[in-house]
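Asks: There's a structure below that I have some questions on.
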Amino acid sequence: MKKKQETQHTQFLNTCDFSNCLVCGACSNGCPTTGAPDLAGWDTRKVMRMLANGLIDEVIASKFPWLCTGCGRCTSTCPGGLDIPSIMTHLKSLRPKEDIPGTLYQGMINNLETGNNLAISPKDYLEGMAELGHDLAKECPGFYVPVDKDNAEILFFPNSKEVYGDFEDQFWWWKIFYAAKENWTVPGNNWEAVDWALFTGNDKANEELARRKIAYMKDHSIKKMIMPDCGGGSYGCRKGMSKLNTLDPANEVGFLYLYDYLIEILKTGRIKLDKSVHSGKKFTYHDSCKHGRELARTYGKGYFDEPRWILNQCVDNFVELTPNREKNYCCGAGGGLWPMPFEAQSAWHARYKRRQIKESGADVVVVGCSNCRDQIMKRIPRYFEGCEFEVKYIWQLVAEALIIEPWSQEEISQGEKQAVTQWKALDISLES
């Protein structure tokens with residue numbers, strides 16, 4: 001075991017050229033984790049010097065890699081160009097699985113074995129989809145949740161957090177699909193949107209989760225998938241798919257990010273919005289690290305202008321956080337910190353985000369990531385006073401402003417008939 005560790009460490013040192021580190025401290029100055037509770041004396045600069053001097057086991061045994069949100073502010077200011085988020089991810093992969101904090105490892109195993117992080121059974125999942133779809137059909141006649149639909153234009157991945165508990169948060173996307181009369185589907189199996197393999201540095205599991213998504217699209221002849229809305233989920237999915245595409249170009253499938261999709265259906269007139277729904281409030285936008293800075297750094301395209309364009313179709317009173325876009329601060333939930341047992345440290349990281357929001361004077365903080373939403377809506381108010389703001393998903397903002405044109409009786413009847421046929425084939429009773 002020791003020899004294996006030494007080999008891993010040698011490979012690690014050969015991969016990362018720490019001689020590029022100028023010991024300038026720019027990484028530490030840009031990192032909100034510096035000074036976190038129970039982390040006295042630790043910062044990014046110290047960790048880089050420890051690694052350069054071969055003290056890898058000491059860093060692996062510390063909390064530091066697990067308190068890194070992977071936000072990329074350090075790398076964006078590093079004059080030596082060190083990819084510090086990737087280094088931290090690799091350090092996580094070297095931690096023995098039994099010592100991985102919290103539920104991350106078990107969640108990843110659940111996903112590999114059952115298709116979702118929480119090990120929700122197929123029966124419970126399908127019954128939930130049927131029941132919630134039936135509830136929404138009272139407001140949107142003819143609606144149902146299509147499962148494993150062949151030749152769909154759009155594939156959408158649910159988040160186990162919403163399937164398990166925040167049920168009605170799924171209504172926002174469903175209303176958008178309904179208004180746009182979208183030809184869409186969700187998977188019956190392997191439907192998890194979130195990728196905890198990314199948070200544990202497990203490359204093989206990351207590739208396997210991406211492989212399943214690719215195989216599903218090909219098996220069902222689906223044109224495009226919407227990248228999971230979770231920042232880590234979409235980044236992990238893109239990472240795994242990119243590796244598989246490099247190995248075999250036949251693995252390439254169509255995808256688009258949620259911002260691209262919303263812009264497309266807005267610009268083509270497939271959905272229409274009423275701004276007055278959101279009048280009387282001031283809105284701001286939180287740039288997700290993985291949707292913005294890290295996506296731009298890794299793949300050359302981050303989403304900064306697009307969410308702001310969407311917001312301006314929904315509201316009249318928009319203000320910026322300072323700093324924003326590439327310079328924005330992480331909310332403190334990234335890298336798996338939301339479910340990990342380091343709440344005090346995560347909240348410490350969030351102190352800058354709380355200050356930004358307060359200084360903006362915004363009544364509503366709009367986000368494009370489920371972890372960012374939970375952190376800003378739930379954790380920040382637990383640790384800081386004066387957090388009277390609301391937090392909304394960007395797709396929630398769109399859904400609330402929708403002008404839904406009624407379906408024809410023929411469309412309603414067709415939807416109801418398809419729902420009955422699908423749930424009967426899946427042995428799910430709509431009556432129960």
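The values are calculated or read from the model by the stated rules, or taken from the named source; none is laboratory data. Predicted model, so just to flag it, every value in this text is computed and none were measured. With ideal geometry, Cβ positions are generated from the backbone for all residues, glycine too; neighbour counts draw on all protein chains shown. Areas reflect the complete protein model, heavy atoms only, side chains present, ligands, DNA and RNA absent. Shrake-Rupley method; radii C 1.70, N 1.55, O 1.52, S 1.80 Å.
Asks: Extending each Cα 7 Å along its Cβ direction at Asp260 and Asp248, get the distance between those two points in nm, one decimal.
Replies: About 2.3 nm separates the two model spin labels.
Asks: In what sequence, highest mean first, do 113-119, 186-192, 93-99 appear when ranked by Cβ atoms within 10 angstrom? Display every interim value, and only then the final one.
Replies: On the way: 113-119: 18.9, 186-192: 20.7, 93-99: 12.4.
Sorting 113-119, 186-192, 93-99 by mean packing, highest first, produces 186-192, 113-119, 93-99.
Asks: Please give the Cα centre distance for segment 132-167 versus segment 237-298, rounded to the nearest Å.
Replies: Value for the Cα centre distance between the two parts: 19 Å.
Asks: Further, regarding this structure: Between Ser86 and Asn183, what is the spin-label point distance in nm, taking each point 7 Å from the Cα along the Cα→C-beta axis?
Replies: Label-label distance for Ser86 and Asn183, simple model: 4.0 nm.
Asks: Can you tell me which of 204-214, 291-301 comes out highest on packing, and rank the rest after it, using the mean Cβ neighbours within 10 Å?
Replies: 204-214, 291-301
Asks: Quick one: if you stick a label point 7 Å off each Cα along the C-beta vector at Glu431 and Glu168, how many nm between them?
Replies: 2.8
Asks: Within the accessible area of segment 279-432, what % is carbon and sulfur when the probe is 1.4 Å and the other protein chains stay in place? The partial results should precede the final answer.
Replies: On the way: 3280 of 6760 Å².
C and S atoms contribute 48 percent here.
Asks: Heavy-atom accessible area per residue, segment 289-432, 1.4 Å probe: how many Å²?
Replies: Working: 6440 Å² over 144 residues.
Averaged over the residues of segment 289-432, the accessible area is 45 Å².
Asks: Related question: Are any of the pairs Lys275/Lys392; Lys46/Lys353; Lys353/Lys392; Lys138/Lys275; Lys161/Lys378 more than 18 Å apart by Cα-Cα distance, and if so, which? Show your work: numbers first, answer last.
Replies: Working: Lys275/Lys392 15 Å; Lys46/Lys353 25 Å; Lys353/Lys392 16 Å; Lys138/Lys275 24 Å; Lys161/Lys378 14 Å.
In this structure, Lys46/Lys353; Lys138/Lys275 lie more than 18 Å apart at Cα.
Asks: Could you derive backbone 3J(HN,Hα) for segment 358-365 from the dihedral phi with the Karplus parameters 6.51, -1.76 and 1.60 (θ = phi - 60°), listing whole Hz in sequence and x where the residue is Gly or Pro?
Replies: Each residue's phi maps through the Karplus curve to give 4, 5, 6, x, 6, 8, 9, 9 Hz.
Asks: Report the full-extension gain for the segment His134 to Arg211: residue separation times 0.36 nm, less the Cα-Cα distance, to one decimal in nm. Kindly include the intermediate steps, with their values, before the conclusion.
Replies: Values: separation 77, 0.36 × 77 = 27.72 nm, distance 3.20 nm.
Separation in residues times 0.36 nm, less the Cα-Cα distance, equals 24.5 nm.
Asks: Tell me, what ³J(HN,Hα) does each residue in segment 59-76 have, in order and in whole Hz, if you take phi through Karplus 6.51 cos²θ - 1.76 cosθ + 1.60 with θ = phi - 60° and put x for Gly and Pro?
Replies: Each residue of segment 59-76 in turn: 6, 4, 6, 7, 7, 3, x, 7, 8, 7, 7, x, 6, x, 4, 5, 5, 5 Hz.
Asks: Could you give each residue of segment 128-138 its phi-based ³J(HN,Hα) in whole Hz, using Karplus coefficients 6.51, -1.76, 1.60 with θ = phi - 60°, and x for Gly or Pro?
Replies: Computed from phi, the couplings for segment 128-138 are x, 4, 5, 5, 5, x, 5, 5, 5, 5, 5 Hz.
Asks: Further question: Which value, in debye to the nearest 20, describes the size of the charge dipole of the chain about its Cα centre when Lys and Arg Cβ atoms bear +1, Asp and Glu Cβ atoms bear -1, and nothing else is charged? Provide the component values of the computation, followed by the final result.
Replies: Values: 52 positive and 56 negative charges, 313 e Å.
That gives a dipole near 1500 debye.
Asks: When only Cα pairs under 8 Å and 6 or more residues apart are kept, what is the percent relative contact order across segment 153-311?
Replies: 22
Asks: Need one number: % antiparallel among DSSP beta bridges in the chain, to the nearest 5.
Replies: Of all bridge pairs located within the chain, approximately 5 percent are antiparallel.
Asks: Could you work out the relative contact order of the chain, using alpha carbon pairs under 8 angstrom and six or more residues apart, expressed as a whole percent? Can you show the working numbers first?
Replies: Values: 698 pairs, mean separation 75.0, N = 432.
Here the relative contact order equals 17 percent.
Asks: For Glu320 and Arg49, what is the calculated FRET efficiency with R₀ set at 60 Å and r taken between the beta-carbons, to the nearest 0.05? Show your work: numbers first, answer last.
Replies: Numbers: r = 36 Å, r/R0 = 0.60.
Once rounded, the FRET efficiency stands at 0.95.
Asks: Expected output is a single nm value to one decimal: the length gained when fully extending between Arg297 and Gln414, i.e. 0.36 nm times separation in residues minus the C-alpha distance. What is it?
Replies: Working: separation 117, 0.36 × 117 = 42.12 nm, distance 4.57 nm.
The Arg297-Gln414 span can extend by a further 37.5 nm.
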